[in-house]
1. Restricting the first residue to the range 24-37 and requiring it to be outside the structural domain of Leu181 (by TED's automatic domain parsing) and touching a residue at least 60 places away in the same chain (Cβ under 8 Å), which pairs with a second residue that is in a loop (DSSP other than H, G, I, E, B) and among the aromatic types (Phe, Trp, Tyr) meet a Cβ separation below 6 Å and a spacing of at least six or different chains?
2. Return yes when Ala102 is over 27 Å from Arg21 (Cβ atoms) and part of a loop (DSSP other than H, G, I, E, B) and no when it is not.
3. Specify which of the listed residues (Met70, Met62) is assigned to a helix (DSSP H, G or I), surrounded by 16 or more Cβ atoms within 10 Å (Cβ to Cβ), touching a residue at least 40 places away in the same chain (Cβ under 8 Å) and not assigned by TED's automatic domain parsing to the domain that holds Ile141.
4. Considering the range 155-205 alone, what residues qualify as being over 22 Å from Ala225 (Cα atoms), touching a Pro at 6+ places or on another chain (Cβ under 8 Å) and of a type in the set (Gly, Ala, Ser)?
5. Using beta carbons and a limit of 7 Å, which pairs, at least six apart or on different chains, have the first residue in the range 74-100 and without any contact (Cβ under 8 Å) to a residue 24 or more places away in the chain and the second one among the aromatic types (Phe, Trp, Tyr)?
6. Quick check: is even one residue across the range 185-199 farther than 21 Å from Asp54 by Cβ and in a helix (DSSP H, G or I)?
7. Is one or more of the residues making up the range 165-175 among the acidic types (Asp, Glu), within 23 Å of Glu198 (Cα to Cα) and at pLDDT below 90?
Amino acid sequence: MVEYKATPMRLLIVEDEAPLRNGLLKLLREEGYAADGAANGEEGLHKAMETDYDAIVLDYLMPGMDGREMLRRLRHTKRTPVMMLTARNSVDDRVAGLDLGADDYVSKPYVQQELLARLRALVRRNHSSAVAVIALGDVIIDTAARRVTKAGHDEPVTGREYGLLEYLAHRRGAVVPRAELYEHLFDENEDTLSNLLEVHVCNLRRKLGADLIKTRRGLGYVIEAAPKEKGQS
């Protein structure tokens, strides 16, 4: 059985304590996520407004603009899923955070595997309309198990490769610009002018077929729509 890491997603960690923030960023990046950090609510709100994150992990209490105020302002314009992270665990605190628009609540100290599982569940709920199994000819993507098979055989892909493949598959038939792929798959520390994207595309073509992902020069990449069956209009 081939083991796959979690689907890469773009996450934002807003935490004023540097050791906790850096430790969480390290954990998430090791799991295959693209993760950005913010040291306070002002920086976190700016990044959250500028980038469409898949989820935000937000510290409850911070100097200056705390997590509650950042969340209140964010909810004026965005519905990004938010997990509140705090050492305060009274019922009143939880209710206050949820009433402001938080989607989940995790207490410090947290268990790493539970936090990761809650993040996965949070994003799944936000994308509940996503197709569970995607067929691309003899390539099958099982999005629940995060598994890729070709002609019935497991194909080992990295977390980043899987994220790229699933993203293109959900947009099948549409040309996805390079900038959009970088926005979804890579964090702020990675150079958007590098050839990382081309490397991942090349690896997927080698593993799954040279014709699976097409390049549209100057535009981006596309997995072409399936041909219509006979009798379809």
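The values are calculated or read from the model by the stated rules, or taken from the named source; none is laboratory data. Everything numeric here is computed off the predicted structure, so don't read it as measured data. Neighbour counts run over all protein chains shown; Cβ positions are idealised from the backbone, glycine included.
1. Qualifying pairs under 6 Å: Ala34/Phe186.
2. No.
3. Met70
4. The one that is over 22 Å from Ala225 (Cα atoms), touching a Pro at 6+ places or on another chain (Cβ under 8 Å) and of a type in the set (Gly, Ala, Ser): Gly159.
5. As it stands, the answer is Arg94/Tyr105; Leu98/Tyr105, since those pairs meet every condition given.
6. yes
7. Scanning the range 165-175 turns up at least one residue that is among the acidic types (Asp, Glu), within 23 Å of Glu198 (Cα to Cα) and at pLDDT below 90.
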